[in-house]
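The values are calculated or read from the model by the stated rules, or taken from the named source; none is laboratory data. Since this is a predicted model, take the numbers as computed values, not measurements. Every residue, glycine among them, receives a Cβ derived from its backbone with ideal geometry; neighbour counts consider all protein chains shown. Protein only, heavy atoms only, side chains kept; ligands, DNA and RNA dropped before computing areas. Shrake-Rupley method; radii C 1.70, N 1.55, O 1.52, S 1.80 Å.
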Amino acid sequence: TDLAHIRNFSIVAHIDHGKSTLADRLIQQTNTVAERDMKEQMLDSMDIERERGITIKAQTVRINYTALNGEEYVLNLIDTPGHVDFAYEVSRSMRAVEGSLLVVDSTQGVEAQTLANVYTAIDANHEIIPVLNKIDLPATDCERVAEQIEDVIGIDASNAIRVSAKTGQGIIETLEAIITHLPPPKGDASAPLKAMLVDSWYDAYLGVIVLVRIMDGVLKKGDRVRMMQNGSVHQVERIGVFRPAMTVVDQLGPGEIGFITASIKQVRDTKVGDTITHDKAPCAAPLPGFKPSVPVVFCGLFPVDSAEFEDLRDAIEKLALNDASFSSEMETSAALGFGFRCGFLGLLHLEVIRDRIEREYDIELITTAPSVIYNVFMKDGTLLPLHNPADMPDLSTVDHVEEPRIKATILVPDEYLGDVLKLCQDRRGIQQDLTYAGSRAMVVYDLPLNEVVFDFYDRLKSVTKGYASFDYHMTGYRTDNLVKMSILVNDEPVDALSMMVHRDRAEMRGRAMVEKLKDLIPRHMFKIPIQAAIGGKVIARETLSAMRKDVTAKCYGGDATRKKKLLEKQKAGKKKMRQFGKVDIPQEAFISALKMD
Ligand code: GTP
């Protein structure tokens, strides 16, 4: 296709504003998929995404569109993940296209992720088409939302297209706007090959599938190509496009988006943002701005049943095949036995992986407290990146500790503002900005990432009844008074419960933790002290009193079957328990104890 008849675009939106529904409608309108093959949310392929209604992997579709002027166009839509954890993937896929549809729910208005994503699009020099969705709903208010887009985002919304992705109203207008308002791609077919690696994933039959956007040159089957970041060379076996089913083509030229396979075994070898060129006639320089995405949140995953360790290893290896930003290494915990220390892009990423292990691989897990990476500066001048609070060296050898900070943007209806400010303040936040967009407040906070990884989303949702939206990005590291708090049950440290905390908040957190554990740990035949400590110093303490009698005592010693039944019941109850010294701690205790309120 000649460049003038290609348009490449993505759709940016806040979660639930209708991105996937609109994409489905565009595909359907252009008969890209036969009606009978059309299922809802064509672009969200994994079950878990469908269930949670979130798009995780960027996907793409090529649409042929005959415009009202009679000319044939090729439209390439790249679907971007909508969640903050995947900000880097979003920013890369945006560099592969020239424009964006900015979808805003006309009954809701601009939200935090609308802002984050649209700024990424603006950074990528996109032409932006505002789309007001859900106009079929009675609560639609296009004037207000258009005004808000102009006020808050600062782009012209006077020609915003009014759409119902549900009924199909406004879909033709959207397609026409794409070909008239978005610029065609640029590129030189005779120049050396320069292609961007937009995404990659593992397919059981084809190996690694690589999504590419050709900038210059032509890519053909059989070509020997080189990944410029790691220097690896591969022979292209298959070239194709997504319609959205995989369809083989002979070649891809400038401006085109498609996939290649090349017997690549691991997703790790295909870094998003890398530049692909011909091995024999390479381009002079790679595309600018490559940075590998790195995990920022870590936690331990342990099987509840230690016999399932090998199954867990297997599950983790399989998941890692398809996810280059998920890292893992083996870990042994005195309390939990063998498991893995895993790294994630963010909390949602963590939850998705944990859910998949539990559901798809049927392994019950104990998840330890999520932790961020602390920079621990030792007195001898060395720097220790700390991924696991259990590894924190003795305080006497530590000079100072730095923690990662984030810039968080929260949009919230006025009436909940007070609660949101309090929440951020409680989490050691520093307010940076407070402005209004209509009746919604927009607050910007500088927060420690570690205060956000526990249950910040949950708290934010509950104090605002779900009306707040939230987005963040990392800003850097800062020194603070951070210490490791250990939890001791019956004088035995439970390493899985140790955590890094701010010194000023340690007593409060310690007290909350031991009080909770007191409720969560069942009584035993003896007294159990539960303590929180920093170094050797106990900062909070509770005592769980001993059970008065044997449970079977009330059976008068006579009824043997009843006695046996009771003992069996006790045994079953123990299955989900972990033994620490002489104490059994139920699995839920770990999860519950780590939630703050
Ligand atoms: P993520 O994939 O989670 O980012 O969400 P999304 O932005 O893709 O939203 P999605 O397309 O899943 O739509 C969210 C909800 O809004 C779904 O229940 C849709 O059926 C509904 N929806 C989407 N467009 C319209 C519309 O035009 N009118 C009405 N009434 N509902 C719509």
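Structure summary
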read-out: Residue match in segment 433-453 (condition: among the hydrophobic types (A, V, I, L, M, F, W, C) and touching a His at 6+ places or on another chain (Cβ under 7 Å)); value: no
read-out: Selection from segment 410-432 of residues that are surrounded by fewer than 21 Cβ atoms within 10 Å (Cβ to Cβ), closer than 18 Å to Ala116 by Cα and at pLDDT below 95; value: none
read-out: Long-range neighbours under 7 Å by Cβ, at least six apart or interchain, first residue in contact (Cβ under 8 Å) with a residue 60 or more places away in the chain within segment 130-144, second within 6 Å of the ligand (Cβ to nearest atom) and among the hydrophobic types (A, V, I, L, M, F, W, C); value: Asn133/Ala165
read-out: Those residues of segment 137-165 which are surrounded by fewer than 15 Cβ atoms within 10 Å (Cβ to Cβ), within 14 Å of the ligand (Cβ to nearest atom) and of a type outside the set (A, V, I, L, M), in sequence order; value: Pro138
read-out: Filter result for Val210 (in contact (Cβ under 8 Å) with a residue 60 or more places away in the chain, in a strand (DSSP E or B), more than 16 Å from the ligand (Cβ to nearest atom) and under 29 Å from the mean Cα position of the chain (by Cα)); value: yes
read-out: Any hit, segment 278-287, residues being open to solvent by 20 Å² or more (accessible area, probe 1.4 Å), part of a loop (DSSP other than H, G, I, E, B), over 30 Å from Ile27 (Cα atoms) and free of Cβ contacts under 8 Å to residues at least 40 places away in the same chain; value: yes
read-out: Gly258 under 24 Å from Ala189 (Cβ atoms) and in contact with a Gly (Cβ under 7 Å, 6 or more places away or on another chain); value: yes
read-out: Residues (open to solvent by 30 Å² or more (accessible area, probe 1.4 Å), farther than 18 Å from Ala116 by Cα and either in contact (Cβ under 8 Å) with a residue 24 or more places away in the chain or assigned to a helix (DSSP H, G or I) (or both)) located in segment 455-469; value: Asp458, Arg459, Lys461, Ser462, Val463, Lys465
read-out: Residue match in segment 470-480 (condition: open to solvent by 70 Å² or more (accessible area, probe 1.4 Å), under 20 Å from Glu403 (Cβ atoms) and not in a strand (DSSP E or B)); value: no
read-out: Out of Tyr374, Tyr361, sole residue that is of a type in the set (Phe, Trp, Tyr) and open to solvent by 20 Å² or more (accessible area, probe 1.4 Å); value: Tyr361
read-out: Residue under evaluation Ser592, criteria (1) open to solvent by less than 40 Å² (accessible area, probe 1.4 Å); (2) at pLDDT below 80; (3) hydroxyl-bearing (Ser, Thr, Tyr), criterion not met; value: (1)
read-out: Residues of segment 412-461 classified as among the hydroxyl-bearing types (Ser, Thr, Tyr) and farther than 24 Å from Arg503 by Cα, total; value: 4
read-out: Top-ranked residue of segment 88-108 - restricted to ones that are in a helix (DSSP H, G or I) and more than 16 Å from the ligand (Cβ to nearest atom), ranked as surrounded by the most Cβ atoms within 10 Å (Cβ to Cβ); value: Arg92
read-out: Selection from segment 189-203 of residues that are of a type in the set (Ser, Thr, Tyr) and part of a strand (DSSP E or B); value: Ser200, Tyr202
read-out: Residue among Thr21, Thr55 that alone is modelled with pLDDT of 65 or more and within 12 Å of the ligand (Cβ to nearest atom); value: Thr21
read-out: Hits in segment 516-541 (condition: farther than 21 Å from Val483 by Cα and assigned to a strand (DSSP E or B)); value: Ile528, Pro529
read-out: Residue in segment 441-453 that is crowded, with 19+ Cβ neighbours inside 10 Å and out of contact with any strand residue (DSSP E or B) (no Cβ under 6 Å at 6 or more places or on another chain) present; value: yes
read-out: Test set (1) open to solvent by less than 20 Å² (accessible area, probe 1.4 Å); (2) away from the ligand (no atom under 16 Å from the Cβ); (3) not in a helix (DSSP H, G or I) - Ile128 fails condition number; value: (1)
read-out: Subset of segment 227-255 (residues that are over 28 Å from the mean Cα position of the chain (by Cα), charged (D, E, K, R) and outside any strand (DSSP E or B)); value: Glu237, Asp250
read-out: Selection status of Asp323, under 24 Å from Asn388 (Cα atoms), open to solvent by 20 Å² or more (accessible area, probe 1.4 Å), in a loop (DSSP other than H, G, I, E, B) and not basic (Lys, Arg); value: yes
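Residues are listed down the side, and each one gets a yes or a no for (1) out of contact with any helix residue (DSSP H, G or I) (no Cβ under 9 Å at 6 or more places or on another chain); (2) aromatic (Phe, Trp, Tyr); (3) surrounded by fewer than 16 Cβ atoms within 10 Å (Cβ to Cβ); (4) assigned to a strand (DSSP E or B):
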residue: Leu175; (1), (2), (3), (4): no, no, no, no
residue: Gly187; (1), (2), (3), (4): no, no, no, no
residue: Tyr205; (1), (2), (3), (4): yes, yes, yes, no
residue: Val225; (1), (2), (3), (4): yes, no, no, yes
